[in-house]
Amino acid sequence: MTLRGHQSWIFENKPRIFGSASVVGPFEGQGPLANDFDIIHGDLMLGQNTWEKAENKLIEEAAKIAIESAGLTKEQIQFYVGGDLLNQIISSSFAARTLSIPYLGVFGACSTSMESLALASLIVNSGSAHYALAVTGSHNATAEKQFRYPTEYGSQKPPTAQFTVTGAGAAVVSKHGEGPLITSATIGRVIDMGITDPFNMGAAMAPAAVDTIQAHFRDLRIEPGHYDLIVTGDLAKVGYEIASELLKKHHIPMNQTDFRDCGMMIYDYEKQSVQAGASGCGCSATVTYGHLLKQLRAGTWKRILVVATGALLSPISYQQGESIPCIAHAVSIEYDGTN
């Protein structure tokens, strides 16, 4: 690994995504990306007796399918890097208990998908592992209960609110075999613009996304046109519009590339009531490890940058009137059909 600029890593040994999986709930299965998911559950409970156990099952399933798709067993995985939104990242830790793989628990809120992928790639690129697993997930009912109001309350939400994805995504990172290459990562800074409204995450996270995108271009000395697609994690409509304006203000010509947001891709705004769009650890994870990787393999794009965004608040912090610090981590993935 080479440090490039101030906050970016170049992976010279080009670790690759050797296996991947995305598992979602019934609402995500009604969206436009349904054909790109490995499993679509018809029941939010997933046969469990609590929402939290259902989220744990999502993560375990995604991990097991990703390992199987790589033609491996869990005993061949040296490290599992993962996290989620629940207090003490219990869904990931309990999955690690079941999988019995050496475990590094991380928390970056909804940015955890690319945080875990960047760290897994760093481990493999350095030669510290042959195979590392990156997994994260979320559940709509667990997130609503913890951060806002239980779904059963039927509370009204403003148009800026987002709908937490029920889903989990996993990737096996390897130094061997075939698959999309992970070429670089930019680790974000914590950015806080003073927003205190937990129903306006897009506005809170947008500046962090822009800061990381700027840093990535600056460190690597490239322009947006280097990528066929740049996709943010879960800014949804409100955050995406703010990020687009900020990028213009900073003279970053995003018209050179296809610029999208996972939070706007996973649901159908015309048919599904999702307010501003999607959020949650499972948002960028399922879209990346499902839809985006399939499109890379199909040749739609050859080089993409995934910038996962996260709001680093807790129920206690926002109830005490604290503002919402945010972060974004970026990972570049390449595939030309010969990797």
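Each reported figure results from applying straightforward, stated rules to the coordinates on display, with no laboratory input. Please read these numbers as outputs of a predicted model, since none were measured by experiment. We place every Cβ from the backbone using ideal geometry, glycine too, and count neighbours over all the protein chains shown.
Some points to look at:
- Local electrostatic count, Lys14, Cβ distance below 14 Å [Lys/Arg +1, Asp/Glu -1]: -1
- Modelled spin-label separation between Asp258 and Phe199, with each label point placed 7 Å from Cα along the Cα-to-Cβ direction: 3.5 nm.
- Rg/Rh, computed from the Cα trace of the chain with Rh as the Kirkwood radius, has the value 0.94.
- When the GluC sites (Glu not before Pro) in the range 1-86 are filtered for DSSP coil states and for at most 13 other beta-carbon atoms within 10 Å of their beta-carbon, the remaining sites are Glu12.
- Distance in nm between pseudo-label sites at Ile90 and Arg221 (7 Å out along the Cβ direction from Cα): 5.0 nm
- Placing a label point 7 Å from the Cα of Glu270 along the Cα-to-Cβ direction, the residues of the range 16-49 whose backbone N falls under 20 Å of that point are 27-36.
- Computed from the Cβ-Cβ distance with R0 of 35 Å, the FRET efficiency linking Glu241 to Asp43 stands at 0.50.
- Across the range 208-293, Cα pairs under 8 Å and at least six residues apart give a relative contact order of 33 percent.
- For the range 181-334, the Kirkwood hydrodynamic radius from C-alpha pairs, put into Stokes-Einstein at 25 °C and a viscosity of 0.890 mPa s, yields a diffusion coefficient of 157 µm² per second.
- The DSSP beta bridges internal to the range 2-174 are antiparallel in roughly 65% of cases.
- Rounded to 5, percent antiparallel among DSSP beta bridges of the chain: 65 percent
- Taken over the range 2-174, lysine pairs spaced eight or more positions apart, or on distinct chains, with alpha carbons under 22 Å apart number 7.
- Note: relative contact order over the chain, using C-alpha pairs below 8 Å and six or more positions apart, is 25 percent.
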